[in-house]
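Data first, discussion second: the structure below is written as structure tokens.
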Amino acid sequence: MQHVNLVILPSMGYSGKHTNISKPTATWWLNKLGYYSKEVKKGIYIDGHEHPDVTQARKCYISRIAELHPFMPIVNNETLEVSYLVLPPGKRIIIAIYHDEMSVATNEQRHCVWLAEEQQILRKKGNGRSIHVSDFILETSRRLFLTKEQITEMHCTLPHEKQLTVTDAHVIIHPGKNGDPWWDNAQLMKQIECAIPIFEFLHPGAVGMWIFDCSSAHEAFSEDALNVKNMNINPGDKQQCPQPSKIPLNNLPPIPGERDTQGTIQLMVYGSDHENPDLRGKAKGIKAVLQERSSVWRKLVQAVGGNEKKVVGLCKICKASQIEKDRLLRIASQDQAEGDIIGDDGSFNPSDSGSDTCCMTRALSQQQDFLDEKPLIERYIEEKGHICLFLPKFHCELDPIEMYWGWTRHQYRTVSDQKFSTAKAIIPQILNFVDVKLIQKFFRKTWRYIDAYEKGLDAHQAAFAVKVYKSHR
Ligand SMILES: [Zn+2]
């Protein structure tokens, strides 16, 4: 409105009170031009999350949940009473635990931005002091923590060395200038290490289905992961040394005269007894790792007409894609710095060359053991005998903890005096105040969405179905 009244109309020779447009007119036109207003907070976004890669991720996620659903406790839709199933021997109860993070700026205010279709608001860390909460919720017992009675019970039943020192899984920090460091993957790992024993005490024998949102931090790989991005073509120099790996059995079988290495354990570093003293203890690099996978190396050599020297380390296509990817990431981060808005989700497949033999880097990245590599938190949770899932991007409606955050923010706004000291004291109280029935209602809503998506509805239809279902009730 201000732009039209102060810039556009005067430039056309119109000025004065009677030629101004009003706020409703500006709003009406923005809507007509395809913009929509969005409150700057996390919520349920529809636009932009029906991209093919996102819907594919949703399909995978929904079918995995559907597969595990029969082993989960049943919550009565009317009474919200939890009942546990009697499972066949050898099967274990599965309980969903949702994780998420929330940041409340002390001087949090509602404000809106206008977005074109397909634009999304990205989460930002915020300025100044804020309260950052990282927590888990369960349908069976709201937040992941032990009550006073349960702590007493834990002290009585667990041997001294197994007693939990942390009995509440949430972590609340106060990042910002002169405050705590920003939340990162290392802090999340520590939190998970404490959260799993709490869950195991609350639900002995059950398998936790730990669900995280799809962020780069949550999907970070460990330093010793099988990841070509951390490796050089040649041995030594500065590169990460991946853990040993089993050479995949689905590689081409060896031909006569070729060493059969399939299924053997391959070290990614040269031994201290290597014949070449210069290589001892050094990371092998991509080329040597491939050469030890004889049939894979043979395929690469054959692809360039049998001349070993012609095998390329990183081909133009894969390299260009990397540069292109870097460029897109740069643009995205610039947009983010300027206004936290980017069109689309910025996702880009770096290696869309379509061939496994274009270069060494691509060939190794397509080896089954490299493809199977899992993010650090997934690896850790699976090692502990539990399940780890990542939500598809942009699907806040599949995350009941988002609704819990929404509720928390709302409660905070009604009592906030915008002072940091108040926020610091009050937010933990609000978080603790939530009733298990409310958490179960958030879960019910998520289950309705899962059900709608499982029936093949798209996001718009699912949102409609969930709304109709609710009003019908
Ligand atoms: Zn390539």
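The values are calculated or read from the model by the stated rules, or taken from the named source; none is laboratory data. What you see is a predicted model; the values in this text were computed from it and never measured. In this analysis, Cβ positions are derived from the backbone assuming ideal geometry, glycine residues included, and neighbour counts consider all displayed protein chains.
The combined condition, being crowded, with 18+ Cβ neighbours inside 10 Å, out of contact with any Cys (no Cβ under 9 Å at 6 or more places or on another chain) and either touching a residue at least 40 places away in the same chain (Cβ under 8 Å) or in a helix (DSSP H, G or I) (or both), is fulfilled by Thr446.
Would you check if there is a residue in the stretch 399-409 being farther than 30 Å from Ala462 by Cβ, of a type in the set (Phe, Trp, Tyr) and in contact (Cβ under 8 Å) with a residue 40 or more places away in the chain? Checked the stretch 399-409: no residue is farther than 30 Å from Ala462 by Cβ, of a type in the set (Phe, Trp, Tyr) and in contact (Cβ under 8 Å) with a residue 40 or more places away in the chain.
His203 meets all of the listed conditions (1) out of contact with any strand residue (DSSP E or B) (no Cβ under 6 Å at 6 or more places or on another chain); (2) touching a residue at least 40 places away in the same chain (Cβ under 8 Å); (3) not hydroxyl-bearing (Ser, Thr, Tyr) but one, namely (1). Across the stretch 46-102, the qualifying residues are those that are polar (S, T, N, Q) and under 20 Å from the mean Cα position of the chain (by Cα), and the one among them that is farthest from Arg448 (Cα to Cα) is Gln56. Right, Lys287: more than 16 Å from the ligand (Cβ to nearest atom), in contact (Cβ under 8 Å) with a residue 40 or more places away in the chain, surrounded by 15 or more Cβ atoms within 10 Å (Cβ to Cβ) and farther than 16 Å from Asp369 by Cβ or not? Spelling it out, it is not the case that Lys287 is more than 16 Å from the ligand (Cβ to nearest atom), in contact (Cβ under 8 Å) with a residue 40 or more places away in the chain, surrounded by 15 or more Cβ atoms within 10 Å (Cβ to Cβ) and farther than 16 Å from Asp369 by Cβ.
Rundown of residues vs (1) at pLDDT 90 or above; (2) assigned by TED's automatic domain parsing to the domain that holds Ile198; (3) more than 16 Å from the ligand (Cβ to nearest atom); (4) in contact with a helix residue (DSSP H, G or I) (Cβ under 8 Å, 6 or more places away or on another chain), yes/no style:
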site	(1), (2), (3), (4)
Cys359	yes, no, no, yes
Ser365	yes, no, no, yes
Arg379	yes, yes, yes, no
Glu382	yes, yes, yes, no
Gly385	yes, yes, yes, no
Phe390	yes, yes, yes, yes
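In this structure, is Val269 at pLDDT 90 or above and within 16 Å of the ligand (Cβ to nearest atom)? It is false that Val269 is at pLDDT 90 or above and within 16 Å of the ligand (Cβ to nearest atom).
The residue list Pro400, Pro392, Pro375 contains one member that is at negative phi, surrounded by 20 or more Cβ atoms within 10 Å (Cβ to Cβ) and touching a Ser or Thr at 6+ places or on another chain (Cβ under 6 Å), which is Pro400. Annotation: Gly346 fulfils all but one of (1) within 30 Å of Gly313 (Cβ to Cβ); (2) at pLDDT 90 or above; the unmet one is (2). Restricting attention to the stretch 404-419 and to residues that are modelled with pLDDT of 85 or more and not basic (Lys, Arg), the residue that is surrounded by the fewest Cβ atoms within 10 Å (Cβ to Cβ) turns out to be His410. Taking the condition crowded, with 18+ Cβ neighbours inside 10 Å and at pLDDT below 90, does Gly236 pass? Considered against the rule, which asks whether it is crowded, with 18+ Cβ neighbours inside 10 Å and at pLDDT below 90, Gly236 comes out as no.
Among the residues of the stretch 457-466, not a single one is of a type outside the set (D, E, K, R) and farther than 21 Å from Val54 by Cα. For the stretch 137-161, the candidate set comprises residues that are touching a residue at least 24 places away in the same chain (Cβ under 8 Å) and assigned to a helix (DSSP H, G or I); within that set, the residue that is nearest to Met403 (Cα to Cα) is Gln150. Number of residues in the stretch 5-39 that are farther than 13 Å from Trp114 by Cβ, surrounded by 13 or more Cβ atoms within 10 Å (Cβ to Cβ) and of a type in the set (A, V, I, L, M) equals 2.
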